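One structure is given here, and the rest of the page talks about it.
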Amino acid sequence: MNPRELVLRSISEHMIRLPAGSIRLRDDRKKSTWERDVPAFLLASFPVTQEEFLEVMGHNPSCFQGMRNPVESVTWWDCVAYCNALSEAEGLSPCYAISGDEITLDASASGYRLPSDAEWEYACRAGGDVRYGALEEIAWFEGNSDSHPHPVGMKQPNRWGLHDMLGNVWEWCWDVYDPEVYGEYRVFRGGGWADRERGCLASNRRRSHPTYQIDDLGFRIARSL
C-alpha cells in the first residue's frame, strides 16, 4: 500500500458513527435559542491534519508546520475543496456542487462534507455539558499551548471518542451565520490554542467571511448516513 493509500485509509478508519438526537442551540449575540434534530452521521475523531491535507490537496498552507498538527490557515472555501477532492479520491459522490461563487450542498451524497453548526455542537457535547472534562485535560488553549497548536489526539476525547473538539484550532462549519446582518459569513466553533478558558466552550459560536484564514482555524470532516 503506497503512502497516499495509507493516508486515505487512515482518514476513513477514524470516522466515528454518532447516534441520532437533538440539540438546543443558543446565540448570545442574538439572545436566541432554537432546537435542531440531528440524524445519525459520521464525524472524524480528529481535525484534518497537515499530512492529510497535503496528501489530498498537494500543498500545506499552515503557519505552524507539523504533519500531525491540525491544518490551519485554511479558508472555508479550502475546506469545501478538500471535502470534494477527498470524496473523489475515495470514489464517493461529492457533497458540493460549485458554480463560480455559488456552492450547493447535497447532504444525501456519500462523500465528505463539513459538519453543520448543530452537528458540531451535538458532537462536542456528546450528551453532556459545555465542556466534556477539565479543560487542561481535554484542550490546548492559552493556558497550556505555549502559543502554538499541537499534534491531534494528545488530549482526552469526549465520551464519543472525539478529540480536540475544544482548543487546538477552531473548526469551520457549513452554516451561514446570519445572512441578513453578515451576508456570507460562516460559523466556526470550538476555541483554539490562543484562546482563554471562556473561549473553549461547546456553546461558543464565531463567524467570518469564507475567505478568512488565520493560524488557529482549521476544520473537521463529516459524512451523512
Practice task
Starting from region 172-192, take each residue that is more than 17 Å from Asp78 (Cβ to Cβ) and list its partners that are modelled with pLDDT under 95 and open to solvent by less than 30 Å² (accessible area, probe 1.4 Å), counting only C-beta distances under 6 angstrom and pairs at least six apart or across chains.
Solution key: Gly191/Gly199
Fill in the blank from the handout: Listed by first then second residue, the pairs whose first member lies in region 43-72 and is under 17 Å from Gly191 (Cβ atoms), whose partner is open to solvent by 40 Å² or more (accessible area, probe 1.4 Å) and of a type in the set (S, T, N, Q), with beta carbons under 9 Å and at least 6 positions apart or on separate chains, are Glu72/Gln213
Exercise for the section: Just need a number here: residues in region 118-141 that are in contact with a Gly (Cβ under 8 Å, 6 or more places away or on another chain) and not aromatic (Phe, Trp, Tyr). Expected result: 6
Exercise for the section: Please indicate, with yes or no, whether at least one residue in region 54-67 is on the phi < 0 side of the Ramachandran plot, charged (D, E, K, R) and open to solvent by 70 Å² or more (accessible area, probe 1.4 Å). Expected result: no
Exercise for the section: Name every residue in region 166-225 that is in contact with a strand residue (DSSP E or B) (Cβ under 7 Å, 6 or more places away or on another chain), in a loop (DSSP other than H, G, I, E, B), among the small types (Gly, Ala, Ser) and open to solvent by 20 Å² or more (accessible area, probe 1.4 Å), in order of residue number. Expected result: Ser203
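Take the residues in region 111-139 that are in a loop (DSSP other than H, G, I, E, B) and in contact with a Cys (Cβ under 9 Å, 6 or more places away or on another chain); name whichever of them is nearest to Leu8 (Cα to Cα).
Only one residue tops the list, namely Gly111.
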Exercise for the section: Identify the residue in region 3-21 that is open to solvent by 60 Å² or more (accessible area, probe 1.4 Å) and in contact (Cβ under 8 Å) with a residue 40 or more places away in the chain and, among all such residues, is farthest from Arg113 (Cα to Cα). Expected result: Pro3
Fill in the blank from the handout: Per the list (1) under 17 Å from the mean Cα position of the chain (by Cα); (2) under 28 Å from Tyr212 (Cα atoms); (3) not aliphatic (A, V, I, L, M), residue check on Thr33 breaks on (1)
Problem - Check on Gly143, more than 21 Å from Arg113 (Cβ to Cβ) and either under 17 Å from the mean Cα position of the chain (by Cα) or of a type in the set (A, V, I, L, M, F, W, C) (or both) - result: no
Practice task
For Ser93, state whether it is over 17 Å from the mean Cα position of the chain (by Cα), surrounded by 15 or more Cβ atoms within 10 Å (Cβ to Cβ) and in a loop (DSSP other than H, G, I, E, B).
Solution key: no
Handout entry: Tally, over region 35-53, of residues that are closer than 23 Å to Asp175 by Cβ and open to solvent by 60 Å² or more (accessible area, probe 1.4 Å)
Key = 4
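The values are calculated or read from the model by the stated rules, or taken from the named source; none is laboratory data. Every value quoted in this text rests on a predicted model; they were computed, and no experiment measured them. Cβ coordinates were reconstructed from backbone atoms using ideal geometry, including for glycine residues, and neighbour counts include every protein chain displayed. Remember, those area values only see protein heavy atoms, side chains included, never the ligands or the DNA or RNA. Shrake-Rupley method; radii C 1.70, N 1.55, O 1.52, S 1.80 Å.
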